[in-house]
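**Student:** Can you keep this structure in mind? I'll have questions shortly.
What follows is calculated from the coordinates using simple rules that are stated; it is not laboratory data. All values derive from a computational prediction rather than experimental measurement. With ideal geometry, Cβ positions are generated from the backbone for all residues, glycine too; neighbour counts draw on all protein chains shown.
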Amino acid sequence: MKAFAISAKLKINVHDLNNELSAGNVSDIRQIDMIDLHGNVITVPAVSGRMLKHWHYTHYRTQIPEDKLCEACKVGEPLRPAFVRTEKGELSQVKPKGMDDIKKIIKECAVCDLHGYLIATKEKGAEEGTSTRRTSRAMFSWLLPVLDAPSASRQVIHTRVTAAATEDTSQMIFNKSYASADYAFVSYLDASKVGVMEDINEMLLENNEVKERVKAAILAYLHMLSGKTGASLSHALPHVDVLSVLVAYSKEGQFPVPVSPIYPDYISKTMGMMPSGVKLLGYGEAGEAEGVEKFGKLNELFNKVLGEL
């Protein structure tokens with residue numbers, strides 16, 4: 001498989017996906033300005049693509065055997081990669097000038113290979129540092145409310161009581177915001193670049209290893225659709241209903257990113273953009289379109305895609 005893309009529309013009630021604005025004991029949900037279908041500026045609760053990418057990374061990492069991860073990714077270090085193991089078993093910081101270390105990371109760490117990395121180092125005594133990066137093979141849009149559909153957010157009061165409370169610390173009162181709406185996002189996975197080192201245009205993995213990583217990446221999307229995504233899953237697991245999923249994939253080459261489901265005509269416009277050789281699979285609303293292979297269950301749709309690897 002050369003490329004995979006997914007566009008999804010979800011009804012999400014009472015979520016805490018992007019509480020990124022905090023001051024003292026108040027945590028407010030991210031708001032963003034959008035242009036609606038009538039040209040008006042609207043302010044809505046939204047979730048950044050960074051958050052979506054983080055949760056795809058999280059689900060992807062849990063499906064990868066530990067011996068296929070670098071030392072940083074084994075513990076979920078976001079500033080990946082931090083260290084690699086030398087032949088003597090010692091930890092050594094990756095150097096951006098070391099071609100062999102970069103090859104080692106791509107071959108030995110499935111997460112750094114697929115989700116990319118940024119390494120910034122400064123040699124002892126040097127005035128300036130150096131850096132190198134690997135671009136993520138997975139790209140994510142923001143999670144935005146469907147245009148002209150209602151959205152809501154509300155701040156609520158929580159209290160935390162300690163058993164060892166004194167008169168001064170009997171309660172801790174804090175405020176958090178939660179939002180609800182029909183949301184949509186788009187993501188594109190460039191499977192053709194998994195395991196490839198662009199600097200020398202060399203594939204560093206065996207075909208079966210590439211397939212294992214692409215399979216794990218595709219399955220990570222299914223976990224995201226279940227609602228297992230967000231900042232407060234222990235006490236604010238979102239109420240998610242999957243309204244529509246449109247999947248596109250190709251074994252021949254790259255194709256355009258699908259039109260976002262925030263727009264009412266996203267299915268027909270997506271179909272009008274796709275070159276021959278691109279397969280379209282649909283669930284829910286997307287499955288009703290002519291020319292899209294319909295699935296009544298999401299796991300059947302994903303199994304069909306995985307069978308094409």
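**Student:** Please go through the stretch 267-309 and write out the trypsin sites (Lys or Arg not before Pro) that DSSP classes as loop and that have at most 13 other C-beta atoms within 10 Å.
**Tutor:** Passing both the DSSP loop test and the Cβ count: K297.
**Student:** Here is a follow-up. May I ask you to work out the translational diffusion coefficient for the stretch 170-271 at 4 °C, viscosity 1.567 mPa s, via Stokes-Einstein with Rh from the Kirkwood sum over Cα pairs, reported in whole µm²/s?
**Tutor:** Stokes-Einstein gives a translational diffusion coefficient of 75 µm²/s.
**Student:** Next question. Need one number: nm distance between label points at K228 and A289, each 7 Å from Cα along Cα→Cβ, rounded to one decimal.
**Tutor:** About 2.8 nm separates the two model spin labels.
**Student:** Also, I was wondering about something else. What FRET efficiency comes out for K11 versus E66 if R0 is 35 angstrom and r is the Cβ-Cβ distance? Round to the nearest 0.05.
**Tutor:** For R0 = 35 Å, the calculated efficiency reads 0.45.
**Student:** Then there is this: Please list, by residue number, everything in the stretch 186-209 whose backbone N is under 16 Å from a paramagnetic label point 7 Å out along Cα→Cβ of M34.
**Tutor:** 186-187
**Student:** Which whole-number percent of Cα pairs in the stretch 257-298 have a distance greater than 13 Å?
**Tutor:** Summing the P(r) tail past 13 Å for the stretch 257-298 gives 51 percent.
**Student:** Which of the residue pairs K176/K294; K68/K297; K103/K215; K2/K88 have a Cα-Cα distance greater than 29 Å in the structure shown?
**Tutor:** Check vs 29 Å cut-off fails for K176/K294; K68/K297; K2/K88.
**Student:** Grab the beta carbon distance between D265 and N207, set R0 = 45 Å, and tell me the FRET efficiency rounded to 0.05.
**Tutor:** About 0.70, to the nearest 0.05.
**Student:** While we're looking at this one, here's another question. List the residues of the stretch 181-196 whose backbone N lies under 17 Å from a point placed 7 Å from the Cα of E308 along the Cα-to-Cβ direction.
**Tutor:** Inside the label zone: 187-193.
**Student:** Mind giving me the FRET efficiency for L219 and I173? R0 is 41 Å, r the Cβ-Cβ distance, nearest 0.05 is fine.
**Tutor:** With a Förster radius of 41 Å, E is 0.50.
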